[in-house]
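Chemist: Quick one: the structure is below, and I'll ask about it shortly.
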Amino acid sequence: AVGRGRVRGAVSRGARSRLGAKRGRSRPIVTDTNNATTPRPLAGRRSDASACRAAASSEAVAGPSKALPELPYALGEGVEQGFWFWEERGCNIRYQAAGPESGPALVLIHGFGGNCDHWRKNIGPLSEHYRVFSIDLLGYGYSDKPCPKAHGEPNSLYNFYTWADQINAFVDQVVQPQ
(Lines give C-alpha, C1' and ligand atoms only; values in the text may rest on other atoms or scores of the structure.)
Protein backbone atom coordinates (compact mmCIF):
# COMPACT_ATOMS: atom_id res chain seq x y z
CA ALA A 1 0.00 0.00 0.00
CA VAL A 2 1.34 3.39 -0.94
CA GLY A 3 0.37 6.22 1.36
CA ARG A 4 -0.97 6.13 4.86
CA GLY A 5 -4.62 5.21 4.37
CA ARG A 6 -6.23 1.90 5.31
CA VAL A 7 -7.52 -0.53 2.73
CA ARG A 8 -11.31 -0.64 2.80
CA GLY A 9 -11.81 -3.00 -0.12
CA ALA A 10 -10.25 -4.00 -3.41
CA VAL A 11 -11.02 -1.35 -5.99
CA SER A 12 -9.52 -1.36 -9.46
CA ARG A 13 -7.99 1.80 -10.90
CA GLY A 14 -10.85 2.08 -13.40
CA ALA A 15 -13.47 1.75 -10.68
CA ARG A 16 -11.66 4.38 -8.59
CA SER A 17 -11.76 6.84 -11.48
CA ARG A 18 -15.44 6.10 -12.10
CA LEU A 19 -16.09 6.71 -8.40
CA GLY A 20 -14.52 10.15 -8.66
CA ALA A 21 -11.15 9.52 -6.96
CA LYS A 22 -8.79 12.47 -7.35
CA ARG A 23 -5.37 12.13 -8.97
CA GLY A 24 -2.31 12.64 -6.82
CA ARG A 25 -4.15 11.84 -3.61
CA SER A 26 -2.12 9.97 -1.02
CA ARG A 27 -3.93 6.65 -0.66
CA PRO A 28 -3.08 2.96 -0.85
CA ILE A 29 -2.64 1.45 -4.28
CA VAL A 30 -4.83 -1.63 -4.25
CA THR A 31 -5.27 -3.56 -7.44
CA ASP A 32 -7.90 -6.12 -8.26
CA THR A 33 -7.95 -8.49 -11.25
CA ASN A 34 -10.75 -10.28 -12.97
CA ASN A 35 -8.55 -12.95 -14.52
CA ALA A 36 -10.27 -16.21 -15.35
CA THR A 37 -8.86 -19.31 -13.74
CA THR A 38 -8.05 -22.62 -15.33
CA PRO A 39 -10.86 -25.04 -14.52
CA ARG A 40 -9.85 -27.84 -12.16
CA PRO A 41 -11.58 -31.22 -12.33
CA LEU A 42 -13.77 -32.00 -9.34
CA ALA A 43 -12.50 -34.97 -7.36
CA GLY A 44 -15.99 -36.07 -6.42
CA ARG A 45 -18.85 -34.52 -4.52
CA ARG A 46 -18.97 -34.62 -0.73
CA SER A 47 -21.67 -33.50 1.61
CA ASP A 48 -21.18 -30.17 3.41
CA ALA A 49 -20.60 -32.01 6.69
CA SER A 50 -17.86 -34.29 5.31
CA ALA A 51 -16.21 -31.35 3.53
CA CYS A 52 -16.13 -29.42 6.82
CA ARG A 53 -14.70 -32.43 8.68
CA ALA A 54 -11.98 -32.79 6.03
CA ALA A 55 -11.19 -29.07 6.23
CA ALA A 56 -11.08 -29.18 10.03
CA SER A 57 -8.69 -32.13 10.04
CA SER A 58 -6.34 -30.41 7.60
CA GLU A 59 -6.45 -27.19 9.67
CA ALA A 60 -5.45 -29.11 12.79
CA VAL A 61 -2.00 -29.74 11.29
CA ALA A 62 -1.69 -26.19 10.05
CA GLY A 63 -0.66 -23.27 12.24
CA PRO A 64 2.24 -20.86 12.16
CA SER A 65 4.69 -23.48 10.81
CA LYS A 66 2.81 -24.61 7.70
CA ALA A 67 5.09 -25.89 4.91
CA LEU A 68 5.46 -23.86 1.73
CA PRO A 69 3.80 -25.38 -1.34
CA GLU A 70 5.76 -26.66 -4.31
CA LEU A 71 4.70 -24.39 -7.15
CA PRO A 72 4.12 -25.47 -10.77
CA TYR A 73 6.45 -22.65 -11.89
CA ALA A 74 9.75 -21.12 -10.73
CA LEU A 75 9.57 -17.97 -8.64
CA GLY A 76 11.17 -14.97 -10.32
CA GLU A 77 14.57 -13.75 -9.21
CA GLY A 78 14.34 -12.01 -5.84
CA VAL A 79 10.76 -13.15 -5.17
CA GLU A 80 10.24 -14.59 -1.70
CA GLN A 81 7.30 -16.72 -0.66
CA GLY A 82 6.03 -17.32 2.82
CA PHE A 83 3.11 -17.66 5.18
CA TRP A 84 1.84 -15.02 7.54
CA PHE A 85 -0.14 -16.35 10.50
CA TRP A 86 -3.28 -14.21 10.86
CA GLU A 87 -3.82 -14.51 14.59
CA GLU A 88 -7.27 -12.89 14.60
CA ARG A 89 -8.65 -15.80 12.56
CA GLY A 90 -6.02 -18.43 13.39
CA CYS A 91 -5.19 -18.98 9.72
CA ASN A 92 -2.09 -19.23 7.55
CA ILE A 93 -2.08 -16.76 4.68
CA ARG A 94 0.33 -17.22 1.79
CA TYR A 95 2.04 -14.22 0.25
CA GLN A 96 4.89 -13.41 -2.09
CA ALA A 97 7.19 -10.39 -1.81
CA ALA A 98 9.96 -8.76 -3.84
CA GLY A 99 11.73 -5.46 -4.22
CA PRO A 100 13.80 -3.08 -2.11
CA GLU A 101 13.04 -3.01 1.62
CA SER A 102 13.04 0.79 1.63
CA GLY A 103 10.86 1.38 -1.43
CA PRO A 104 7.19 2.32 -1.38
CA ALA A 105 4.95 -0.72 -0.94
CA LEU A 106 2.47 -2.06 -3.47
CA VAL A 107 -0.04 -4.77 -2.46
CA LEU A 108 -1.48 -6.89 -5.28
CA ILE A 109 -4.82 -8.58 -4.57
CA HIS A 110 -6.32 -11.23 -6.82
CA GLY A 111 -9.94 -11.41 -7.97
CA PHE A 112 -12.53 -14.13 -7.36
CA GLY A 113 -11.24 -17.59 -8.19
CA GLY A 114 -7.64 -16.38 -8.27
CA ASN A 115 -4.57 -16.40 -6.07
CA CYS A 116 -1.28 -14.57 -5.82
CA ASP A 117 0.20 -16.76 -8.58
CA HIS A 118 -1.77 -14.65 -11.06
CA TRP A 119 0.71 -11.84 -10.36
CA ARG A 120 3.87 -13.92 -10.98
CA LYS A 121 4.76 -12.11 -14.22
CA ASN A 122 4.06 -8.66 -12.76
CA ILE A 123 6.00 -8.93 -9.49
CA GLY A 124 9.46 -8.82 -11.11
CA PRO A 125 9.02 -5.67 -13.22
CA LEU A 126 7.09 -3.87 -10.45
CA SER A 127 9.75 -4.78 -7.88
CA GLU A 128 12.25 -2.57 -9.71
CA HIS A 129 10.42 0.46 -8.28
CA TYR A 130 8.33 -0.85 -5.35
CA ARG A 131 8.38 -3.32 -2.49
CA VAL A 132 5.71 -5.62 -3.99
CA PHE A 133 3.47 -8.00 -2.04
CA SER A 134 0.89 -10.37 -3.49
CA ILE A 135 -1.45 -12.17 -1.12
CA ASP A 136 -3.83 -15.11 -1.21
CA LEU A 137 -7.10 -14.05 0.40
CA LEU A 138 -8.60 -16.34 3.02
CA GLY A 139 -10.15 -19.32 1.23
CA TYR A 140 -8.09 -18.89 -1.96
CA GLY A 141 -4.87 -20.31 -3.33
CA TYR A 142 -2.57 -21.80 -0.69
CA SER A 143 -4.10 -19.84 2.22
CA ASP A 144 -6.17 -21.74 4.76
CA LYS A 145 -9.77 -22.56 3.89
CA PRO A 146 -11.64 -22.83 7.19
CA CYS A 147 -15.09 -24.35 7.17
CA PRO A 148 -17.68 -21.54 7.17
CA LYS A 149 -20.13 -23.63 9.21
CA ALA A 150 -17.77 -23.36 12.18
CA HIS A 151 -18.00 -19.55 12.06
CA GLY A 152 -21.67 -18.94 12.71
CA GLU A 153 -24.14 -17.50 10.27
CA PRO A 154 -23.94 -18.17 6.52
CA ASN A 155 -21.58 -15.79 4.71
CA SER A 156 -20.00 -14.62 7.97
CA LEU A 157 -16.52 -15.89 7.03
CA TYR A 158 -15.99 -15.44 3.30
CA ASN A 159 -17.09 -11.87 2.65
CA PHE A 160 -15.63 -8.47 1.81
CA TYR A 161 -15.54 -7.40 5.47
CA THR A 162 -13.36 -10.37 6.41
CA TRP A 163 -11.07 -9.84 3.43
CA ALA A 164 -10.78 -6.09 4.19
CA ASP A 165 -9.84 -6.98 7.80
CA GLN A 166 -7.31 -9.48 6.44
CA ILE A 167 -5.71 -6.92 4.12
CA ASN A 168 -5.58 -4.27 6.88
CA ALA A 169 -3.93 -6.74 9.28
CA PHE A 170 -1.48 -7.84 6.57
CA VAL A 171 -0.50 -4.24 5.86
CA ASP A 172 -0.11 -3.48 9.59
CA GLN A 173 1.85 -6.64 10.44
CA VAL A 174 3.81 -7.50 7.31
CA VAL A 175 3.99 -4.54 4.93
CA GLN A 176 4.41 -1.60 7.36
CA PRO A 177 7.24 -3.06 9.51
CA GLN A 178 9.43 -3.28 6.39
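The values are calculated or read from the model by the stated rules, or taken from the named source; none is laboratory data. None of these values were measured; they are calculated from a predicted model. We place every Cβ from the backbone using ideal geometry, glycine too, and count neighbours over all the protein chains shown. In case anyone asks, the SASA skips ligands and DNA or RNA and just uses the protein heavy atoms, side chains included. Shrake-Rupley method; radii C 1.70, N 1.55, O 1.52, S 1.80 Å.
Chemist: Across region 157-169, what is the number of residues that are open to solvent by 40 Å² or more (accessible area, probe 1.4 Å) and either in contact (Cβ under 8 Å) with a residue 40 or more places away in the chain or of a type in the set (Gly, Ala, Ser) (or both)?
Modeler: Let us first name the residues in region 157-169 that are open to solvent by 40 Å² or more (accessible area, probe 1.4 Å), namely 158, 160-161, 165.
If we keep only those that are either in contact (Cβ under 8 Å) with a residue 40 or more places away in the chain or of a type in the set (Gly, Ala, Ser) (or both) too, we end up with 160, 165.
Matching residues across region 157-169 total 2.
Chemist: Also, I was wondering about something else. From the list Asp144, Asp136, which one is buried (at least 20 other Cβ atoms within 10 Å of the Cβ), touching an Asp or Glu at 6+ places or on another chain (Cβ under 7 Å) and touching a residue at least 12 places away in the same chain (Cβ under 8 Å)?
Modeler: Details: Asp136 fails: touching an Asp or Glu at 6+ places or on another chain (Cβ under 7 Å).
From the options Asp144, Asp136, the qualifying one is Asp144.
Chemist: Against the definition (at pLDDT 95 or above and either more than 12 Å from the chain's Cα centre (by Cα) or assigned to a loop (DSSP other than H, G, I, E, B) (or both)), how does Leu157 come out, yes or no? Give the derivation first.
Modeler: On the way: at pLDDT 95 or above: no; either more than 12 Å from the chain's Cα centre (by Cα) or assigned to a loop (DSSP other than H, G, I, E, B) (or both): yes.
Answer is no for this residue.
Chemist: On to the next question. Checking Ser57 against (1) at pLDDT below 90; (2) among the hydroxyl-bearing types (Ser, Thr, Tyr); (3) part of a loop (DSSP other than H, G, I, E, B): exactly one of these is not met. Which one?
Modeler: Just one mismatch for Ser57, condition (3).
Chemist: Here's another thing I want to ask about it. So which residues in region 100-121 are among the hydrophobic types (A, V, I, L, M, F, W, C) and surrounded by 18 or more Cβ atoms within 10 Å (Cβ to Cβ), if there are any at all? Before the answer, list the steps.
Modeler: First pass over region 100-121, keeping only residues among the hydrophobic types (A, V, I, L, M, F, W, C): 105-109, 112, 116, 119.
Selection gives Ala105, Leu106, Val107, Leu108, Ile109, Cys116, Trp119.
Chemist: Which of the residues belonging to region 122-133 are open to solvent by 60 Å² or more (accessible area, probe 1.4 Å), outside any loop (DSSP other than H, G, I, E, B) and touching a residue at least 12 places away in the same chain (Cβ under 8 Å)? Walk me through it before giving the result.
Modeler: Restricting attention to region 122-133, the residues satisfying the condition of being open to solvent by 60 Å² or more (accessible area, probe 1.4 Å) are 122, 125, 128-130.
Narrowing the set further to residues that are outside any loop (DSSP other than H, G, I, E, B) leaves 122, 125.
The answer is Asn122, and nothing else.
Chemist: Which one of the conditions (1) over 19 Å from Ala164 (Cβ atoms); (2) open to solvent by less than 10 Å² (accessible area, probe 1.4 Å); (3) of a type outside the set (Phe, Trp, Tyr); (4) outside any strand (DSSP E or B) does Ala97 fail to meet, given that it meets all the rest?
Modeler: Single failed check for Ala97: (4).
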